[in-house]
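Student: Quick one: this structure, given as C-alpha cells, is what I'll be asking you about.
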Amino acid sequence: MNNEFPKAYNPKETETKILQFWFEKKLYHSEIDKTKKPFVIVIPPPNITGALHMGHALNNTLQDLIIRLAKMKGFNTLWLPGTDHGGIATQNVVERILLKQGKTKHSLGREKFLEFMWQWRKETGDTILNQLKNIGCLCDWDRTRFTMDEVCSKAVFKAFKKLFDEGYIYRGERIVNWCPRCKTALADIEVEYKEQKDKLLYIKYPLKNKNLQVKYITVATVRPETMLGDTAVAINPNDERYKRLIGETVILPLINREIKIISDDTIDIEFGSGAVKVTPAHDPLDFEIAQKHNLEILKVIDEDAKMINVGIYCGIDRFDCRKKVVEDLKQLGLIEKVEDYTHNVGVCYRCGTVIEPLTSKQWFLKMKDIAKKAYEAISEGKVVYYPEVYKEHTLRWLNNIKDWCISRQIWWGHRIPVWYCKNYNSELQKDTEFCSVIVSEKKPEECPNCKTTEFYQDTDVLDTWFSSALWPFSVFGWGLDENNAELKYYYPTQILVTGYEILYLWVARMIMMGLYFLKEVPFREVFVHGIVRDIHGKKMSKSLGNVIDPLDIVEKYGTDALRFSLVSSTTAGRDIYLSEENFVSSRNFMNKVYNMTKFILMNISKQDSNFIKNWIKNFDESKISYLGIAEQWILSELNSLIIKIKEYHKKYLLGSIAHELYGFVWFKFCDWYLETAKINLQKEEKKVSTLSVLLIVLNKILKLLHPITPFFTEYIYQNIKFLFSEEEKDSILDSGFVEESNFKFDNLKVISYEVIKNIVSEIRTIRNEFKIQLNIKPNIIIVIEKNQKILDTIKEYSNYIQRLGLINNMSFINKKNEEFKKPQHSATAIFEITKEFGTLELYILLEGIIDFEKEKKRLKKELEETEKFFILFEQKLNNSEFLAKAPKEEVERIKEKYLLTKEKIEKIKSYYKEL
RNA sequence: GGGUGCGUAGCUCAGUUGGUUAGAGUGCCGCUUUGACAUGGCGGAGGUCACAGGUUCGAGUCCUGUCGCACCCACCA
C-alpha cells in the first residue's frame with residue numbers, strides 16, 4: 001500500500017495474498033496446550049451434496065467471527081471442520097446422477113452402488129470445505145472429519161452397542177412414516193406438513209343386520225382408498241346417534257369384508273359423521289385404536305405405494321386407486337356427500353412426496369429417560385441459548401418426545417451393526433427373541449444359541465442424524481478411546497452456531513447424546529440464527545430464480561463485503577432478508593476504510609514515522625491534556641465504542657457490532673475527525689501527534705472489525721504495523737484484542753468539539769437554504785453570554801471551521817462583556833448547548849444575499865418547532881405529579897431543556913422582529 | 001387446535017430495565033468533481049410507532065383485547 005495507491009480497494013488480489021499468508025503461518029491450527037484455555041466450535045457439518053449457498057455462508061461467517069474474536073482474546077481456539085454423509089439427501093442426489101447414465105441402484109447392486117457413492121464423495125465431497133477456506137474460515141484444516149470416516153463410524157457403532165446393551169434400542173413392527181419415493185421410513189420429525197385442499201367423502205357402510213332401523217353407517221375420509229384396509233368402524237360411546245350400533249357388523253363395500261363397530265372415547269362426535277373408519281395399517285391414530293381393541297392390522301398399501309391384499313385393486317397406485325374407489329362407490333350409490341376440505345398432508349422433508357403411514361419393522365431408540373436428562377441440563381442453564389426463546393421451544397419438545405425411529409431402508413449410511421444367525425426366524429421374532437440377534441461391528445463367529453456360523457447383517461442403515469448426534473465427541477475420537485487426551489481437553493465445546501430449523505432434528509439430540517455418553521453437555525452455548533431469504537421474504541430457491549450465490553457476491557464485491565453484510569443483517573434468531581444492494585453498501589464501506597488508511601499513510605513521511613512510532617509507544621494519560629479538542633473527542637468516542645462492542649460480544653448481538661462499527665468509522669472518524677485533522681496535518685508542530693492519534697484509532701478499528709472482515713483488516717494491519725511498537729505480532733490475529741482505556745478526558749473540550757460540529761452543520765444548512773455559491777465565503781459571528789470558557793475553546797479551534805472552506809472569517813463576542821446588536825443582512829441560528837453553557841448564537845453575514853422574507857419564513861418555522869417542545873416541557877413542569885413522582889434526574893433534565901428552549905425562543909423572537 | 005415471534009420512514013431493520021424533540025442503512029429528490037474515497041460529500045422530503053382499551057406523572061417500550069403476517073408443534077378421520 002505504501003508504494004502504490006490504487007483508487008479503490010481491490011479485494012480479489014488482496015484476499016489471495018492474505019489467505020496464503022494465513023495458511024503459511026498455519027494460524028488455524030490448534031494443539032493441546034494446558035497453559036491456555038480452549039475455545040472450541042465444532043462445525044455443523046454441511047452435507048456432501050451441492051455447493052456453498054448463502055445459508056452456509058451465514059452460518060460459517062458467524063462461527064468464524066466468534067472464533068477469531070476468541071483467538072484475539074488469547075484462547076486456544078479450535079474450529080473443527082467436517083462434512084456429513086447426509087443419508088437420504090445424498091443418496092437421492094447420486095441416484096439422480098445414475099439415472100442420467102441409465103442406471104439405478106438396483107441394477108448396480110448394493111456393493112457397486114456404495115462404491116459409486118464413495119467415489120462420488122471423493123470427487124465432490126470437499127467442494128464446500130474448499131469454498132469455506134476461501135471465504136476465510138479459520139477452521140483447523142488438519143482435523144477435517146467426515147461422519148462416515150473410520151473415527152466417526154467407530155463412535156456410531158460404540159454408541160449403538162451401548163444403547164442396545166442398556167436397553168434403549170429395540171426393534172418393532174410399528175406404524176411409521178414411509179416415503180414411497182425414497183423407499184424408507186422417516187422419523188416423525190422428518191415429516192413436513194403442507195396444507196392441501198381435498199375432498200372429504202362421506203361413505204355409507206351397509207349394516208349386516210337388516211332388521212335395524214338404519215341400513216347404513218356413514219364414515220368420512222379424505223383417503224377413500226384406505227377403506228380397503230378398514231378393520232373396524234369406531235364411534236364415541238357417548239354418541240346418542242350410534243350408541244345402539246356398538247357391536248353390530250358392517251359389510252365393507254367393494255370387497256364385502258365384515259368388520260365390527262366398536263366404541264372409543266377418542267372419537268370426536270362433532271367431526272364428520274361422528275363415525276370413523278379404522279385403518280390400523282395406514283393411520284397412526286387407527287393403529288393405536290387397533291392395539292387397544294385388538295383389531296386385525298391389514299396392510300393394503302405396500303412400500304411402493306401400490307395396493308396389496310385387496311383383490312381386484314391389487315397393484316394399483318394409491319392415488320389411482322383412490323379415483324377408482326370413488327368411482328366404484330358412486331356406482332353403488334354409497335357416497336352420501338362430498339365436502340371441500342383443507343388439511344395438512346405429511347410430505348417427505350427430502351423429496352416432498354406424500355408420506356404413506358404404514359406398518360413396518362424398524363429400529364427405535366427409547367427417548368424418554370434420555371430426554372429427561374437433557375431437559376434438566378437445559379433448565380439448569382448448562383446450555384445457554386441465544387436468543388433465549390429457543391430454550392423454551394427445546395424444553396417443550398423434549399417434554400413431549402416420542403421414540404426415535406433410527407432405521408432407514410437406504411444404502412448410504414452406517415449399516416446397522418446387527419447380525420441375525422441363519423436360523424433366525426423372522427416369523428417367530430416378535431421383539432422378544434433376541435437370542436439370535438447379535439450386535440457386532442464385524443460378523444460374529446458363532447451363534448451362542450444354535451452354534452451356527454452363518455449370519456446375515458441387518459440391511460438397514462442408521463438415520464443420518466444418529467451419527468450427527470454424536471458429532472461433538474465422535475470428531476475427537478470418542479469411538480476409539482473415550483478417555484483420550486483430545487477429548488478431555490477440547491470437550492465440552494464452547495458454542496454451537498446453527499439455524500433454528502434443525503434445533504430438534506440435531507441440536508437437542510446432540511445434547512441428549514452428549515449427556516448420555518459423556519455425562520456432560522456437548523456445548524455451553526447455542527447461537528441460533530435464521531434462514532437467509534430474498535428481500536421479499538421468500539426462501540431462496542433455484543426454481544424461484546431468486547438465489548443470490550455467495551460466490552458471485554465474492555466475485556463482484558469481495559469476501560469481506562459478503563461477510564459484513566451477513567453479519568450486519570443478523571438479528572438474533574430472525575430470518576435475514578438479503579438483496580444485492582446490501583452487498584454494495586458493504587463494499588463501499590470496505591472501500592471507505594481502505595481510502596482513509598491510504599490518506600493517513602500518504603501523509604506520513606519517512607522521517608515522521610520514527611517520531612510517530614515513538615509518540616504512540618509513549619502515549620499515556622499524561623499526554624491527554626496536551627491534545628486538542630478533536631483528538632480528545634475522537635479518543636473518548638473510541639472508548640465508548642469499545643465499551644459498547646464488548647457488551648454486544650457478551651450478549652452475542654453480532655449484528656449490532658457491525659452497525660456500531662459502521663457508524664463510528666464513517667460518521668465519527670471519517671466525516672468529522674479526519675476532516676478536522678487535515679488542518680493540523682498542515683502544521684509541522686501538530687503533524688506527529690495528529691497522525692499518531694489517527695493511527696491509534698485506525699489500529700483499534702481494524703482489530704474490532706477483523707473478526708467480521710478478516711481479509712482487508714489483515715491487509716491494512718500489515719501496512720501500518722511498522723508504526724507500532726515491536727509487540728505487535730505477525731498477524732492481526734495475534735496482536736491482542738482491544739480494551740478501553742481509563743483515560744480522563746477534558747469534558748469541556750469534548751463538548752466544544754460537539755459544538756463545533758453543530759456550528760458547521762448549521763452553516764452548511766443555511767448556505768444550502770440560501771443557495772449560496774461555493775466561491776462566496778461569508779464572515780460569521782458567534783455570540784455567547786454564559787460561559788466564556790467554551791467561547792475560548794471554540795475560538796482556539798475556529799480555524800477548523802474556516803478551513804472547511806465554508807466561511808471567510810469568524811469573530812467571537814461575549815454578550816456579558818460587550819455590547820451586541822444583531823448585524824443586518826445576516827442569517828441567524830441559535831443552539832442549545834447545556835445548562836452550564838446556555839445557548840449560542842450564530843450569525844452569518846451575507847449582505848445582499850439574504851432574502852429577508854425567506855429568512856423570516858425560516859426563523860418562523862424554527863420558532864414553531866421550538867415552541868412545540870417548549871410547551872411540552874412546560875406542561876410537564878406544571879404537572880405536580882410529575883414533579884413529585886418522576887426521578888430527580890428526569891425533572892432536572894426537563895428543567896434544563898425548558899430553560900434552554902425558553903432562551904432560544906426569546907432570542908429567535910427578538911431577531912425576528914429586527915428583520 | 002395449541003404455542004412462539006413479528007407489525008416503527010417507499011423498502012430492510014435498530015430502538016437495552018418505561019423518561020433525549022423516535023433513529024440508521026437503502027431508495028427517492030436537490031446541490032456538489034475542493035487530490036483519501038462519486039464505491040465520495042452536503043442537504044431535503046417521508047412516521048397519528050397495526051388498531052382499541054388499560055396501568056402510569058410519563059408508553060414505540062408494560063398489561064388486555066382485536067386485526068394482519070410468519071414460523072413451530074399437534075393423531076380430528
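Student: Among the listed pairs A:Lys598/A:Lys678; A:Lys26/A:Lys644; A:Lys243/A:Lys292; A:Lys556/A:Lys592; A:Lys277/A:Lys323, which are separated by more than 21 Å between their Cα atoms?
Tutor: Details: A:Lys598/A:Lys678 14 Å; A:Lys26/A:Lys644 32 Å; A:Lys243/A:Lys292 19 Å; A:Lys556/A:Lys592 17 Å; A:Lys277/A:Lys323 18 Å.
Listed pairs above 21 Å: A:Lys26/A:Lys644.
Student: Here is a further query. How big is the charge dipole of the range A:1-137 about its Cα centre, in debye rounded to the nearest 20, if each Lys and Arg gets +1 on its Cβ and each Asp and Glu gets -1 on its Cβ?
Tutor: On the way: 20 positive and 13 negative charges, 32 e Å.
About 160 debye.
Student: If ligands, DNA and RNA are left out, what is the accessible area of A:Trp397 with a 1.4 Å probe, given in Å² to the nearest 10?
Tutor: The accessible area of A:Trp397 comes to roughly 60 Å².
Student: Please list the non-local residues whose amide H lies under 5 Å from the amide H of A:Met540, H modeled 1.01 Å from N, same-chain partners needing a gap of 5 or more.
Tutor: Hits under the 5 Å cutoff: A:Asp534.
Student: Loop-only chymotrypsin sites (Phe, Trp or Tyr not before Pro) in the range A:264-317, please: DSSP not H, G, I, E or B, and at most 15 other Cβ atoms within 10 Å.
Tutor: Working: sites: A:Phe271, A:Phe287, A:Tyr313; in loops: A:Phe271.
Those that pass, being in a loop and sparsely packed, are A:Phe271.
Student: To the nearest 500 deg cm²/dmol, what mean residue ellipticity at 222 nm is calculated for chain A from DSSP H runs of n ≥ 4 alone, each contributing -39,500 (n - 2.57), summed and divided by the residues? Each step should come with its number before you reach the end.
Tutor: Numbers: 29 runs with 389 residues, N = 915.
My calculation for chain A gives -13500 deg cm²/dmol from helical runs alone.
Student: Sticking with this structure for a sec: What do you get for the angle between helix A:509-518 and the principal long axis of chain A? Use alpha-carbon atoms, 0 to 90 degrees, nearest ten.
Tutor: 80
Student: Any chance you could look up the accessible area of A:Lys323 with a 1.4 Å probe, heavy atoms only, rounded to 10 Å²?
Tutor: A:Lys323 has an accessible surface of roughly 130 Å² with all protein chains in place.
Student: Could I have the simple spin-label model distance between A:Tyr648 and A:Lys422, label points 7 Å from Cα toward Cβ, reported in nm to one decimal?
Tutor: In this crude spin-label approximation the distance works out to 7.1 nm.
Student: Going 7 Å from the Cα of A:Asp575 in the Cα-to-Cβ direction, what parts of the range A:651-670 have a backbone nitrogen less than 20 Å from that spot?
Tutor: A:655
Student: If packing is taken as the average number of other Cβ atoms within 10 Å across a peptide's residues, how do A:589-602, A:198-211, A:407-420 rank, most packed first? The partial results should precede the final answer.
Tutor: Working: A:589-602: 19.6, A:198-211: 15.7, A:407-420: 22.4.
Going by the mean number of other Cβ atoms within 10 Å, highest first, we get A:407-420, A:589-602, A:198-211.
Student: Then there's this: State in Å² the accessible area per residue of chain A; use a 1.4 Å probe, count heavy atoms of protein chains only, and round to the nearest integer.
Tutor: Details: 42020 Å² over 915 residues.
Counting only protein heavy atoms, the per-residue value for chain A is 46 Å².
Student: Grab the Cα-Cα distance for A:Glu13 and A:Lys26, subtract it from 0.36 nm times how many residues apart they are, and report the gain in nm with one decimal.
Tutor: Details: separation 13, 0.36 × 13 = 4.68 nm, distance 2.03 nm.
Extending this stretch completely gives an extra 2.6 nm.
Student: Counting DSSP beta bridges with both partners in chain A, what percentage is antiparallel, nearest 5? Spell out each step's value before the answer.
Tutor: Values: 70 of 99 bridges.
So the antiparallel bridges in chain A amount to around 70 percent.
Student: Hand me the trypsin sites (Lys or Arg not before Pro) from the range A:665-706 located in a DSSP loop with no more than 14 other Cβ atoms within 10 Å, in residue order please.
Tutor: Working: sites: A:Lys668, A:Lys678, A:Lys683, A:Lys686, A:Lys687, A:Lys700, A:Lys703; in loops: A:Lys683.
Hits after loop and neighbour filter: A:Lys683.
Student: Please list the non-local residues whose amide H lies under 5 Å from the amide H of A:Arg350, H modeled 1.01 Å from N, same-chain partners needing a gap of 5 or more.
Tutor: Sorted by chain and number, the residues that satisfy this come to none at all.
Student: Continuing with the same structure: Just the accessible area for A:Arg96, please: 1.4 Å probe, Å², rounded to the nearest 10?
Tutor: A:Arg96 has an accessible surface of roughly 150 Å² with all protein chains in place.
Student: Among the GluC sites (Glu not before Pro) in the range A:1-48, which ones are in a DSSP loop with at most 12 other Cβ atoms within 10 Å of the Cβ? Mind listing them?
Tutor: Values: sites: A:Glu4, A:Glu13, A:Glu15, A:Glu24, A:Glu31; in loops: A:Glu4, A:Glu31.
Taking the range A:1-48 and a limit of 12 other Cβ atoms within 10 Å, the loop GluC sites (Glu not before Pro) found are A:Glu4, A:Glu31.
Student: Restricting the count to DSSP beta bridges whose residues both fall in the range A:222-336, what percent are antiparallel, rounded to a multiple of 5?
Tutor: Details: 10 of 14 bridges.
Restricted to the range A:222-336, the bridges split so that about 70 percent are antiparallel.
Student: How many nm is it between the label spots at A:Glu675 and A:Asp165, if each spot is 7 Å from the Cα in line with the beta carbon?
Tutor: 7.4
Student: Separate question: Please arrange A:Ser543, A:Ser569 by accessible surface area, largest first, computed with a 1.4 Å probe and ligands excluded.
Tutor: Details: A:Ser543 115, A:Ser569 25 Å².
Descending accessible area places them as A:Ser543, A:Ser569.
Student: Now for a different question. Just to confirm the number: angle between the C-alpha axis of helix A:654-663 and the first principal axis of chain A, 0 to 90 degrees, nearest 10?
Tutor: Around 20 degrees separate the two axes.
Student: Also: Considering only protein heavy atoms and a 1.4 Å probe, what is the carbon-and-sulfur percentage of the accessible area of the range A:155-295? Mind showing how you got there, number by number?
Tutor: On the way: 2960 of 6280 Å².
That share works out to 47 percent.
Student: How far is helix A:150-165 tilted, in degrees, relative to the longest principal axis of the Cα atoms in chain A, given as a value from 0 to 90 rounded to the nearest 10?
Tutor: It is inclined by approximately 50 degrees.
Student: With a ≥ b ≥ c the root eigenvalues of the C-alpha gyration tensor of chain A, is it rounded (a/c under 1.5), prolate (a/b larger than b/c) or oblate? Numbers along the way, then the final one.
Tutor: Working: a/c = 2.99, a/b = 1.90, b/c = 1.57.
Taking the square roots of the gyration eigenvalues as a ≥ b ≥ c, chain A is prolate.
The values are calculated or read from the model by the stated rules, or taken from the named source; none is laboratory data. Computed from a predicted structure; not experimentally measured. Because the Cβ atoms are built from the backbone with ideal geometry, glycine has one as well, and the counts that use them run over all protein chains shown. Remember, those area values only see protein heavy atoms, side chains included, never the ligands or the DNA or RNA. Shrake-Rupley method; radii C 1.70, N 1.55, O 1.52, S 1.80 Å.
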